[in-house]
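Q: So that we are looking at the same thing, I have put the structure below in structure tokens.
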Ligand code: ZN
């Protein structure tokens, strides 16, 4: 994000250790969380993106916002309880800007959690929405797209990512690499 940006948050990009931590459960669904969701949505729409997880703005909480064209939504403490099928889709990530890969994931999932009013949410999702939920939930577990690639693709992708995101700050980043789950 350019200096002087008026967005509430900068999106953290590959190499930032916050993207590699496991986020903790949200304990209070309150006005503060609703404000955070609003700010995250502003940031998400500006990119533009269709989903944004709290760790992507530096907040280690199990929470994400999304909008696939049917209005803004949020899921707090999401859990995928069932998954089935297989679907290949070219997937990108706001934390890995400009890159995308074909990734195979379950096609359908059942996700549960809470909305911003504290009501239970239980959704069956297919294809794009299912993909979005799986992607955002990965962020809550410190998992990035690169972890979902096959070995050969990952080798090439790692090189590309290092060149693009880690080069400018090599000494500092090599320390944080200890936290990256890269083989
Ligand atoms: Zn992402």
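The values are calculated or read from the model by the stated rules, or taken from the named source; none is laboratory data. Predicted model only: the values in this text are computed from it and were never measured. Cβ placement follows ideal geometry from the backbone for every residue including glycine, while neighbour counts extend to all protein chains displayed.
Q: Checking the structure you have, find out if any residue of segment 50-63 is out of contact with any strand residue (DSSP E or B) (no Cβ under 6 Å at 6 or more places or on another chain) and more than 16 Å from the ligand (Cβ to nearest atom).
A: The answer is no, given that none of the residues of segment 50-63 is out of contact with any strand residue (DSSP E or B) (no Cβ under 6 Å at 6 or more places or on another chain) and more than 16 Å from the ligand (Cβ to nearest atom).
Q: Then there is this: Report, ordered by the first and then the second residue, all pairs with beta carbons closer than 6 Å, sequence separation of six or more or different chains, a first member in segment 70-99 that is within 21 Å of residue 25 (Cα to Cα) and without any contact (Cβ under 8 Å) to a residue 12 or more places away in the chain, and a second member that is more than 16 Å from the ligand (Cβ to nearest atom) and assigned to a loop (DSSP other than H, G, I, E, B).
A: none
Q: Within segment 158-181, is there a residue that is assigned to a helix (DSSP H, G or I), within 15 Å of the ligand (Cβ to nearest atom) and modelled with pLDDT under 95?
A: Yes; the residues of segment 158-181 include at least one that is assigned to a helix (DSSP H, G or I), within 15 Å of the ligand (Cβ to nearest atom) and modelled with pLDDT under 95.
Q: Got at least one residue in segment 105-113 being within 15 Å of the ligand (Cβ to nearest atom), more than 25 Å from residue 156 (Cβ to Cβ) and surrounded by 18 or more Cβ atoms within 10 Å (Cβ to Cβ)?
A: no
Here's the yes/no breakdown for (1) closer than 23 Å to residue 92 by Cα; (2) part of a helix (DSSP H, G or I); (3) at pLDDT 95 or above:
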{"residue": "6", "(1), (2), (3)": "no, no, no"}
{"residue": "12", "(1), (2), (3)": "yes, no, yes"}
{"residue": "19", "(1), (2), (3)": "yes, yes, yes"}
{"residue": "22", "(1), (2), (3)": "yes, no, yes"}
{"residue": "35", "(1), (2), (3)": "no, yes, yes"}
{"residue": "56", "(1), (2), (3)": "yes, yes, yes"}
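Q: Here's a follow-up. Take segment 34-49 and flag every residue that is out of contact with any strand residue (DSSP E or B) (no Cβ under 6 Å at 6 or more places or on another chain) and in contact (Cβ under 8 Å) with a residue 40 or more places away in the chain.
A: Residues satisfying the conditions are 34, 47, 49.
Q: Also, I was wondering about something else. Considering 86, 73, which residue is within 18 Å of residue 113 (Cβ to Cβ) and modelled with pLDDT of 95 or more? Steps first, please.
A: Working: 86 fails: within 18 Å of residue 113 (Cβ to Cβ).
The conditions single out 73.
Q: Please determine, by comparing only the residues of segment 132-168 that are in contact with a strand residue (DSSP E or B) (Cβ under 7 Å, 6 or more places away or on another chain) and farther than 17 Å from residue 79 by Cβ, which one is surrounded by the fewest Cβ atoms within 10 Å (Cβ to Cβ).
A: 153
Q: Listed residues 82, 86, 102; which is more than 14 Å from the ligand (Cβ to nearest atom) and farther than 19 Å from residue 145 by Cα?
A: 82
Q: If residue 139 passes every condition in (1) without any contact (Cβ under 8 Å) to a residue 60 or more places away in the chain; (2) in contact with a helix residue (DSSP H, G or I) (Cβ under 7 Å, 6 or more places away or on another chain) but one, which one does it miss?
A: (1)
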